[in-house]
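Below is one structure, written out as structure tokens, with a few remarks after it.
The values are calculated or read from the model by the stated rules, or taken from the named source; none is laboratory data. Small disclaimer: the values here were computed from a predicted structure and weren't measured. Cβ atoms come from the backbone with ideal geometry, glycine included; neighbour counts cover every protein chain shown.
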Amino acid sequence: MSAAPLLQVDDLRIDLALGDERFAAVQDVSFSIGRGETFGLVGESGCGKSITALALIGLLRPPLRLAGGTVRLDGREIQSLRAAEMRRLRGKRISMIFQEPMTALNPVSPVGRQIAEMFVLHEGATWQEAERRAVEALASVRVAAPERRAKDYPHQLSGGMRQRVMIAIALACSPDLLLADEPTTALDVTVQAEILDLVRDLCAAKGTAVLMISHDLGLIANACRRVGVMYAGRIVETRAAEEVFRAPSHPYTSGLVASLPLLGARAKEGRRRLKEIAGVVPSVAGFPHGCRFHPRCGRASDLCREDDPGPTPLPGDGLVRCHHHG
Amino acid sequence: MRIGANLVIGGTLFALVVIAGVLAPWLAHTDPVMDANLMNAEEPPGGAFWFGTDAQGRDIYSRVLYGARISLTVGIVSQLINTVIGVCLGLSAGYWGGWWDDFVSGLTNLVLAIPSLIFALALMAILTPGLTSLLIALGLTNWSFTCRLARASALSLKSQGYVQAAKVLGYGDVRIMVTQLLPNMLGPIIVIGTLGMGGAVLAEAALSFLGLGIRPPFPSWGSMLSDARDQITTAPWISIFPGLAIFITVLGLNLLGDGLRDILDPQGRAGKA
């Protein structure tokens, strides 16, 4: 293992400009991903997961803006690269798959050609060679009869099939890092597991690290080694995935874990009402003073209302932002 | 797939005109320019001269066939120039936005505000009359509708998931425009282009009629009409047949455009699926 992690994000801050006012939509976000590691970002809708991913590849658009922090890829700062250099990283070293496989493929182009375009664009392959490798890429994402499928248009494929094609495109050039933004949310449950297995196996084979973004804690815990829990634009807890389940430290994480439906043996212990976290995520314009979770928190004290908790180290390379963690 | 009557009729008419133009040397009875014979002047349509002869005794049937070459060349080439200009400007303006969009939109509005025929007239007055000048004049004055269409399409397409995905995957701006946006807006562009071709044929006829297009003695439908002005009551066939040729060509192109719209329109396609 080299000393520097593959991706090191420090104190990332993303501003949202509304009129003349600026709000920090994401603040003090720091995490690192090692080579080939799968890191999960989990949190409710609107907590800043997706824009964090977009910030990593320099694709924030107004009214959002990268306002501070550093993003290092292999120790090199990439957040201030010029547009052309950043573009060369995208798709080749950092790639991404999306929530909506229905819309992420060009409807007027055969899928094989869309995969082939990556080889032409990033590796200077000839079209003939690229088309041949596209068929191999389709086969690698376990598409049956890849030669025939390569000629299909996106509307001829099912949702799961399209997501496979999208994965084939994203992993075509064996990137170092794959950003997976809710990759299975729009798919059937049975297909979800296949897609996750596929991502895991392919990334392991290619040595690609994954930033898995989801609101589904169960999925994240299954797929990732370490997990960052985001709330209201901040990472409130970073832990090993099994630790998060076994002993959640931040009250928000506890709430998320408690709100998971129980199946099998644990459900037999007793039928009980599904737990929920009271209240909703505050809007960017109205983050509460002090700890941002205190209005919804059972452990909140006067200290929480006044003072914003800083990161506290936890045993085993973890961090938590809470005055009353444990 | 159901093919509309518009498409069949329009396509047939247009194909007839194309065939007439391409095969003119074999179909024509006489040379359209050289075979003037005052002995045969103003013969009515009949066995020897199917469409009759004009004041110089030239066979109108032959001249109409050769005239198709000029009209089609002008219609197709000038509309291609218009389409290329309109798509390049509109697509880039819609995609990039900002000052470039302001500039292109302003230019489009400026061009729209001047009647295109007047604009073409002014250009022809500067250039020397002839086929090349005609192509330039008509090719530079009718791109604004295509431009607006391309810009509007680019605006709505650029927020599509696959355009965002292409950005994330490292596509450059030009590659995104060519591979992601252009193929998705091609349907309406082709429709507008076909309709515009009909307009260009008409504009050529008008300019030639006014003496600013194709110079006599070369046969163009517009200049033939212009020549026939004085004999319209005494020898109406001299003006009827070129007029009919213009009518059939423009009708064919307009029907073809409508027919293409029926099968290329995204909404039509959605109904089919």
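For segment B:198-210, the criterion of being over 30 Å from B:ILE263 (Cβ atoms), hydrophobic (A, V, I, L, M, F, W, C) and not in a helix (DSSP H, G or I) is met by at least one residue.
Results for (1) away from chain A (no Cβ under 14 Å); (2) more than 30 Å from A:ILE169 (Cα to Cα); (3) in contact with a strand residue (DSSP E or B) (Cβ under 8 Å, 6 or more places away or on another chain); (4) in a helix (DSSP H, G or I), shown as yes or no for each residue.
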residue: B:ILE81; (1), (2), (3), (4): yes, yes, no, yes
residue: B:GLY90; (1), (2), (3), (4): yes, no, no, yes
residue: B:MET124; (1), (2), (3), (4): yes, yes, no, yes
residue: B:THR128; (1), (2), (3), (4): yes, yes, no, no
residue: B:ARG151; (1), (2), (3), (4): yes, no, no, yes
residue: B:LYS167; (1), (2), (3), (4): no, no, yes, yes
residue: B:MET185; (1), (2), (3), (4): no, no, no, yes
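Among the residues that make up segment A:251-266, is at least one of them touching a residue at least 40 places away in the same chain (Cβ under 8 Å) and over 27 Å from A:ALA193 (Cα atoms)? Looking for residues that are touching a residue at least 40 places away in the same chain (Cβ under 8 Å) and over 27 Å from A:ALA193 (Cα atoms), one finds at least one in segment A:251-266, hence yes.
Note on segment A:157-212: among residues that are under 17 Å from the mean Cα position of the chain (by Cα) and of a type in the set (S, T, N, Q), the one that is nearest to the other protein chains (Cβ to nearest Cβ) is A:GLN163.
Only one entry of B:THR132, B:THR179 meets the criterion of being part of a helix (DSSP H, G or I), over 25 Å from the mean Cα position of the chain (by Cα) and free of Cβ contacts under 8 Å to residues at least 24 places away in the same chain, and that entry is B:THR179.
Which one is nearest to A:VAL280 (Cα to Cα), of the residues in segment A:239-248 that are surrounded by fewer than 24 Cβ atoms within 10 Å (Cβ to Cβ) and in contact (Cβ under 8 Å) with a residue 12 or more places away in the chain? Checking each candidate, the answer is A:PHE245.
Would you call B:GLN180 within 13 Å of another protein chain (Cβ to nearest Cβ), surrounded by 15 or more Cβ atoms within 10 Å (Cβ to Cβ), modelled with pLDDT under 90 and more than 30 Å from B:ALA206 (Cβ to Cβ)? No: the conditions fail for B:GLN180.
Looking across segment A:87-135, just one residue is among the hydrophobic types (A, V, I, L, M, F, W, C), within 9 Å of chain B (Cβ to nearest Cβ) and more than 27 Å from the chain's Cα centre (by Cα), and that is A:VAL108.
All of (1) within 14 Å of chain B (Cβ to nearest Cβ); (2) outside any loop (DSSP other than H, G, I, E, B); (3) surrounded by fewer than 18 Cβ atoms within 10 Å (Cβ to Cβ) hold for A:ARG148 with one exception: (1). Residues in segment A:247-260 that are touching a helix residue (DSSP H, G or I) at 6+ places or on another chain (Cβ under 9 Å) and part of a helix (DSSP H, G or I): A:PRO251, A:TYR252, A:THR253, A:GLY255, A:LEU256, A:VAL257.
Touching a residue at least 40 places away in the same chain (Cβ under 8 Å), more than 14 Å from every other protein chain (Cβ to nearest Cβ) and either in contact with a Ser or Thr (Cβ under 8 Å, 6 or more places away or on another chain) or under 30 Å from A:GLY290 (Cβ atoms) (or both): is that true of A:GLU44 in this structure?
Details: touching a residue at least 40 places away in the same chain (Cβ under 8 Å): yes; more than 14 Å from every other protein chain (Cβ to nearest Cβ): yes; either in contact with a Ser or Thr (Cβ under 8 Å, 6 or more places away or on another chain) or under 30 Å from A:GLY290 (Cβ atoms) (or both): yes.
In short, yes.
Return the residues of segment A:121-131 that are free of Cβ contacts under 8 Å to residues at least 24 places away in the same chain and buried (at least 17 other Cβ atoms within 10 Å of the Cβ); say none if nothing qualifies. Step through it out loud before you land on a result.
First, the residues of segment A:121-131 that are free of Cβ contacts under 8 Å to residues at least 24 places away in the same chain: A:124-131.
If the condition is that a residue be free of Cβ contacts under 8 Å to residues at least 24 places away in the same chain and buried (at least 17 other Cβ atoms within 10 Å of the Cβ), then A:ALA125, A:ALA130, A:GLU131 are the ones that fit.
If the condition is being surrounded by 20 or more Cβ atoms within 10 Å (Cβ to Cβ) and among the basic types (Lys, Arg), then segment A:151-190 contributes A:ARG162, A:ARG164.
Tell me, yes or no, whether segment A:217-226 has at least one residue that is in contact with an Asp or Glu (Cβ under 9 Å, 6 or more places away or on another chain) and of a type outside the set (D, E, K, R). Looking through segment A:217-226, at least one residue is in contact with an Asp or Glu (Cβ under 9 Å, 6 or more places away or on another chain) and of a type outside the set (D, E, K, R). In the set A:ALA4, A:ALA24, only one residue is over 25 Å from A:TYR252 (Cα atoms) and touching a residue at least 40 places away in the same chain (Cβ under 8 Å); that residue is A:ALA4.
Across segment A:195-222, what is the number of residues that are over 19 Å from A:VAL135 (Cα atoms), without any contact (Cβ under 8 Å) to a residue 40 or more places away in the chain and touching a helix residue (DSSP H, G or I) at 6+ places or on another chain (Cβ under 9 Å)? Walk me through it before giving the result.
Residues of segment A:195-222 that are over 19 Å from A:VAL135 (Cα atoms), as a first pass: A:196-197, A:200, A:204, A:207-222.
Add one more test, that the residue is without any contact (Cβ under 8 Å) to a residue 40 or more places away in the chain, and what stays is A:196-197, A:219, A:222.
After this cut, where a residue has to be touching a helix residue (DSSP H, G or I) at 6+ places or on another chain (Cβ under 9 Å) as well, the list is A:196, A:219, A:222.
Residues that pass the stated criteria total 3.
Every condition in (1) in contact with a helix residue (DSSP H, G or I) (Cβ under 7 Å, 6 or more places away or on another chain); (2) assigned to a helix (DSSP H, G or I); (3) touching a residue at least 24 places away in the same chain (Cβ under 8 Å) is met by A:HIS155 except one, and the failing one is (1).
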